[in-house]
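The values are calculated or read from the model by the stated rules, or taken from the named source; none is laboratory data. Nothing here was measured: the structure is a model prediction, and the numbers come from that model. When we count neighbours, we look across all protein chains shown, and the Cβ atoms used for this are built from the backbone with ideal geometry, even at glycine.
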Amino acid sequence: RIDEQEIRLLPKAEVHVHLEGTFALVDLLRLAKENGVALPGPAATIFDIGTHDEFTKPEVTTGGTAGGVGGAGLSGFLRFLDWQCGLVRTPEQAARIAYAFAARQTASGIRYSDVIVNPTHWNAWHGREIELMQALAAGLDEAEQDGLCVTNMAYSLLRTQSALEAEQIVDTLVGRRPPRVVALSVDGDEKASGPTGAKFRTAFRAAEAAGLHRTVHAGESSGPEGIREALDHLHAERIDHGVRAIEDDALIRRLIDESIPLGVCPRSNVTLGLYPDWESHPLPRLVAAGVRVTLNTDDPAPLACTLDEDWAVASAVYGFGRPELARFAAESIHASFADADLKRDLL
Ligand code: ADE
Ligand code: ZN
């Protein structure tokens with residue numbers, strides 16, 4: 001097994017990580033205290049909040065064990081993110097969370113991140129989404145000045161938003177151009193929204209015309225057809241997850257031909273119930289087929305992991321040696337939306 005220490009030293013990027021999924025317990029406690037918010041009860045303790053166990057139970061109930069802030073599977077997980085992001089209310093708190101993100105990334109040896117931010121989860125900022133992005137950018141600026149990981153942001157639509165909302169968001173983004181926002185994204189649960197390719201086509205075309213990158217969650221809560229829609233309608237340059245492409249040989253061929261990287265997150269898929277264990281996850285088959293694969297955490301804080309640990313687990317479970325890990329590191333930089341100069345420095 002190749003240890004985390006060695007993995008941390010590889011210059012690498014992370015391209016599929018949600019800011020909403022990086023709040024440390026200590027940051028949550030401080031936010032709750034600053035806002036005078038009680039922890040979810042009645043019987044819950046802080047140890048019940050956002051732990052691995054919360055999301056692994058079968059997806060049968062609404063409302064989680066921690067007073068309804070979470071629940072099992074992806075949908076319960078998304079409710080947990082709403083509760084947690086609702087604790088961030090001031091620009092200073094937002095900047096602090098962004099700074100803490102960069103520090104967390106740096107500790108895993110990550111030199112550059114494309115972080116996904118979905119303002120629908122940040123309920124104190126509804127109607128002030130651009131101000132949220134500006135406050136986060138200020139925290140990321142300070143982190144970079146302090147020598148921490150460089151980060152750009154992907155502004156993410158929630159799948160259940162309407163076509164009109166999506167188009168208005170892109171209009172505002174293009175008009176106001178918040179700093180460090182380099183991409184448009186879609187996340188959320190396709191089981192709750194139905195197909196989203198056609199619905200967001202106009203918004204994504206406008207983003208593309210304005211020079212924004214595009215990355216789309218697909219092939220997690222949707223099958224191969226979700227990935228096809230992301231490519232056809234949304235001109236996705238990267239697919240977040242994308243693992244269910246393994247069910248469709250013609251799609252695998254297309255991903256290779258069109259050189260589309262996947263932002264794969266095995267621990268997230270296993271914890272949220274898409275695959276029963278690491279052994280049955282398609283990651284090694286995607287790599288063997290020749291698909292461009294990056295290896296990411298998705299939501300490391302509630303999933304209780306770090307990127308260096310997960311690369312070590314992948315190395316142990318799938319038998320990836322030093323050459324394969326070095327290839328993952330290089331691919332993470334190639335697949336990222338870092339600017340060309342930074343990519344050259346990191347490679
Ligand atoms: N938001 C945060 N994590 C997510 C995931 N794994 N899938 C969809 N939306 C998400
Ligand atoms: Zn994700």
Exercise for the section: Filter the range 201-251 down to residues that are within 16 Å of ligand 1 (Cβ to nearest atom), of a type in the set (A, V, I, L, M) and either under 16 Å from the mean Cα position of the chain (by Cα) or over 22 Å from residue 265 (Cβ atoms) (or both), then give me how many there are. Expected result: 5
Practice task
For residue 218, state whether it is at pLDDT 95 or above, within 16 Å of ligand 2 (Cβ to nearest atom) and crowded, with 23+ Cβ neighbours inside 10 Å.
Solution key: yes
Handout entry: Qualifying position, being out of contact with any His (no Cβ under 6 Å at 6 or more places or on another chain), closer than 17 Å to residue 92 by Cα and in contact (Cβ under 8 Å) with a residue 24 or more places away in the chain, among 169, 130
Key = 130
Completion exercise
In the set 255, 274, 262, 347, the lone residue that is within 16 Å of ligand 2 (Cβ to nearest atom), in contact (Cβ under 8 Å) with a residue 24 or more places away in the chain, out of contact with any Gly (no Cβ under 7 Å at 6 or more places or on another chain) and among the aliphatic types (A, V, I, L, M) is 274
Handout entry: Subset of the range 223-236 that is buried (at least 19 other Cβ atoms within 10 Å of the Cβ) and among the charged types (D, E, K, R) - its residue that is farthest from residue 330 (Cα to Cα)
Key = 229
Practice task
Would you check which residues across the range 82-123 are under 22 Å from residue 169 (Cβ atoms) and part of a loop (DSSP other than H, G, I, E, B) and list them?
Solution key: 86, 88, 89, 118, 122
Exercise for the section: Output yes when any residue across the range 183-204 is modelled with pLDDT of 95 or more, acidic (Asp, Glu), at negative phi and surrounded by fewer than 21 Cβ atoms within 10 Å (Cβ to Cβ), and no when none is. Expected result: no
Handout entry: So residue 301, is it out of contact with any helix residue (DSSP H, G or I) (no Cβ under 9 Å at 6 or more places or on another chain) and within 16 Å of ligand 2 (Cβ to nearest atom)
Key = no
Exercise for the section: Quickly run through the range 223-244 and pick out the residues that are small (Gly, Ala, Ser) and at negative phi. Expected result: 223, 226, 230, 236
Handout entry: Any hit, the range 58-74, residues being out of contact with any Lys or Arg (no Cβ under 9 Å at 6 or more places or on another chain), modelled with pLDDT under 85 and polar (S, T, N, Q)
Key = yes
Practice task
Would you point out which residue out of 81, 136 is among the aliphatic types (A, V, I, L, M) and either surrounded by fewer than 23 Cβ atoms within 10 Å (Cβ to Cβ) or modelled with pLDDT of 95 or more (or both)?
Solution key: 136
Practice task
Please work out which residue is farthest from ligand 1 (Cβ to nearest atom), limiting yourself to the range 13-32 and to residues that are closer than 26 Å to residue 343 by Cα and not in a helix (DSSP H, G or I).
Solution key: 13
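For the range 221-252, enumerate the residues that are among the basic types (Lys, Arg), without any contact (Cβ under 8 Å) to a residue 60 or more places away in the chain and within 16 Å of ligand 2 (Cβ to nearest atom).
The first filter runs over the range 221-252 and keeps only residues among the basic types (Lys, Arg), leaving 228, 238, 244.
Now restrict to residues that are without any contact (Cβ under 8 Å) to a residue 60 or more places away in the chain: 228, 244.
Passing the criteria: only 244.
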Exercise for the section: Return yes or no: is residue 88 touching a residue at least 60 places away in the same chain (Cβ under 8 Å), more than 30 Å from residue 225 (Cα to Cα) and in contact with a Phe, Trp or Tyr (Cβ under 8 Å, 6 or more places away or on another chain)? Expected result: no
Exercise for the section: Collect the residues in the range 208-225 that are in contact with a helix residue (DSSP H, G or I) (Cβ under 6 Å, 6 or more places away or on another chain) and within 12 Å of residue 190 (Cα to Cα), keeping them in residue-number order. Expected result: 216, 218, 219, 221, 222, 223
Practice task
Name the helices (runs of 4 or more DSSP H) wholly inside the range 249-318 in which the number of residues that are surrounded by fewer than 18 Cβ atoms within 10 Å (Cβ to Cβ) is 1 or more.
Solution key: 249-257, 283-289, 307-318
